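Participant: Can you keep this structure in mind? I'll have questions shortly.
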Amino acid sequence: MSSQEHPLGISFEFFPPNTDAGRDKLIHVRDELAARKPRFFSVTYGAGGSTQARTRDIVRSVSQSGITTAPHLSCIGSEKAQLRDLLAQYREEGVDSLVALRGDMPSGMGSIGELRYANELVEFIRAETGDHFDIAVAAYPESHPQAPNLDKDVENFARKMKAGANMAITQYFFTADAYFNFVEKARALGVEQPIIPGIMPITNYTKLARFSDACGAEIPRWIRKQLESYGDDSDAIAAFGTDVVSRLCERLLDGGAPGLHFYTLNQAAPVLKIVDNLGG
Ligand code: FAD
């Protein structure tokens with residue numbers, strides 16, 4: 001860790017905006033968050049590579065902050081030749097970190113491509129580019145929605161870590177014990193790399209509920225009931241959400257989590273309130 005880095009080991013995720021206004025706003029958000037000296041920024045990649053050009057464009061502009069910027073890269077629906085080209089382009093542009101994912105097949109899209117799972121993508125990146133890239137992969141403390149059970153999912157997770165990933169970032173969750181349980185299971189299978197909790201600020205209950213259903217993240221009943229009781233009162237939702245997520249982060253850090261990766265949804269204020277509460 002450089003002496004310049006934020007002491008809590010924070011990092012921030014962005015998505016590529018699809019309008020010029022969204023892009024301009026992201027530059028301000030980037031600058032506000034860069035001032036907190038994160039370890040890295042990451043930029044998501046649309047299902048089946050649908051945002052490939054925009055992801056690359058945003059990676060270029062975000063990395064102008066001087067902060068390491070890791071593009072997400074998914075393999076589902078792609079051929080090896082396409083992935084090889086993209087890796088070569090990133091290398092030429094000075095990118096040295098990636099988040100490697102299987103991704104989800106967009107509905108109506110044809111072939112699943114040549115690589116079926118993230119462990120195969122990690123193997124492919126290592127075979128093609130050696131140790132050039134630092135590779136992060138995804139982890140699911142509450143189990144990936146398609147996995148038959150958590151134990152099977154942790155076995156699959158361990159396979160991609162052993163394929164050469166440097167670290168993992170988790171799906172978001174609101175129950176600290178889910179994270180500790182997952183880490184314990186992964187360690188029991190010999191995974192030694194850092195597993196960074198992914199943190200989702202709570203700002204909009206309807207969107208959060210929809211998204212959580214889709215990705216299999218559990219919103220505990222006591223949080224759901226409280227958020228529902230606020231109706232459209234966005235200030236009350238934000239105040240409660242900041243408090244709940246700040247306490248979650250405290251528990252994670254106290255229990256030994258090696259950093260925090262924030263899903264920013266391209267907004268600085270909600271995550272900065274949490275970071276400020278943590279006092280780092
Ligand atoms: P995998 O690790 O391949 O796992 C997928 C499923 O297959 C799991 O159920 C697993 O148990 C099982 N499995 C894994 N390996 C094997 C194997 N060898 N044999 C049999 N079964 C196996 N999506 C995007 O489209 N773009 C993004 O930018 C993006 N960023 C993300 C960032 C993070 C931190 C996280 C947590 C998720 C992100 N996602 C993103 C979502 C992700 O693409 C989906 O959750 C996807 O369904 C799984 O991707 P994966 O890399 O975890 O897949």
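Participant: Can you show me the helix-derived [θ] at 222 nm for the chain, built from DSSP H runs with n ≥ 4 at -39,500 (n - 2.57) apiece and divided by the number of residues, rounded to the nearest 500. List each step's numbers first, then the result.
Facilitator: Working: 10 runs with 129 residues, N = 280.
Value at 222 nm, helices only: -14500 deg cm²/dmol.
Participant: Another question, then. Using a Gaussian network model on the chain with a 10 Å cutoff between Cα atoms, which of Gly46, Gly190, Gly110 fluctuates the most?
Facilitator: Gly110
Participant: Can you give me the C-alpha center-to-center distance between the stretch 34-100 and the stretch 176-207, rounded to a whole angstrom?
Facilitator: Centre-to-centre distance over Cα atoms comes out at 23 Å.
Participant: For Cα pairs less than 8 Å apart in space and 6+ apart in sequence, what is the mean separation divided by the residue count of the chain, i.e. the relative contact order in percent?
Facilitator: 19 percent.
Participant: Taking all protein chains together and a probe of 1.4 Å, list His28, His6 from the most accessible to the least accessible.
Facilitator: Most to least solvent-accessible, the answer reads His28, His6.
Participant: Just to check I understand the Karplus step: with θ = phi - 60° and J = 6.51 cos²θ - 1.76 cosθ + 1.60, what whole-Hz values come out for the stretch 22-39, glycine and proline as x?
Facilitator: Result, rounded to whole Hz: x, 5, 4, 5, 4, 4, 5, 4, 3, 5, 4, 6, 4, 4, 8, 6, x, 5.
Participant: What do you reckon, how do Arg116, Arg224 stack up by accessible area (1.4 Å probe), largest on top?
Facilitator: Arg116, Arg224
Participant: Moving on to the next point. Using 7 Å Cα-to-Cβ label points, what is the Ser234/Asn181 separation (nm, one decimal)?
Facilitator: It works out to 3.5 nm between the two label points.
Participant: Which one, Asp85, Asp104, Asp243, has the greatest fluctuation when you compute a Gaussian network model over the chain with C-alpha springs under 10 angstrom?
Facilitator: Judging by the Gaussian network model, the answer is Asp85.
Participant: Please report, to one decimal in angstroms, the Kirkwood hydrodynamic radius of the chain built from all distinct Cα-Cα pairs. Walk me through the numbers before you get to the answer.
Facilitator: Values: mean 1/r = 0.0518 Å⁻¹.
One decimal place: 19.3 Å for the Kirkwood radius.
Participant: Normalise the Debye intensity by I(0) for the stretch 149-251, one equal point scatterer per Cα, no solvent, then take log10 at q = 0.10, 0.13, 0.25 Å⁻¹ and round to two decimals.
Facilitator: So the normalised log intensities are -0.34, -0.54, -1.35.
Participant: Output ³J(HN,Hα) for the stretch 14-20: one whole-Hz value per residue in order, computed from phi by the Karplus curve 6.51 cos²θ - 1.76 cosθ + 1.60 with θ = phi - 60°, and x for Gly and Pro.
Facilitator: Once rounded to whole Hz, the list reads 10, 10, x, x, 9, 10, 5.
Participant: What ³J(HN,Hα) values, in whole Hz, does the Karplus curve 6.51 cos²θ - 1.76 cosθ + 1.60 give for the stretch 139-150 when θ = phi - 60°, with x put for Gly and Pro?
Facilitator: These are the phi-based 3J(HN,Hα) values: 10, 10, x, 9, 6, 5, x, 8, 6, x, 6, 5 Hz.
Participant: Which order do Leu208, Leu253 take by accessible area at a 1.4 Å probe, largest first?
Facilitator: Leu253, Leu208
Participant: Between Ala34 and Asn156, 0.36 nm times their residue separation minus their Cα-Cα distance comes to what?
Facilitator: Between Ala34 and Asn156, full extension yields an extra 40.5 nm.
Participant: Sticking with this structure for a sec: So if each residue of separation counts as 0.36 nm, and I subtract the Cα-Cα distance between Arg224 and Asp20, what length gain in nm does that give?
Facilitator: Result: 70.0 nm gained on full extension.
The values are calculated or read from the model by the stated rules, or taken from the named source; none is laboratory data. Computed from a prediction, not measured in an experiment: that's the story for all the values here. As a convention, Cβ positions derive from the backbone with ideal geometry for all residues, glycine included, and neighbour counts pool all protein chains shown. Each accessible area value is taken on the protein alone, full model and side chains, heavy atoms only, with ligands, DNA and RNA left out. Shrake-Rupley method; radii C 1.70, N 1.55, O 1.52, S 1.80 Å.
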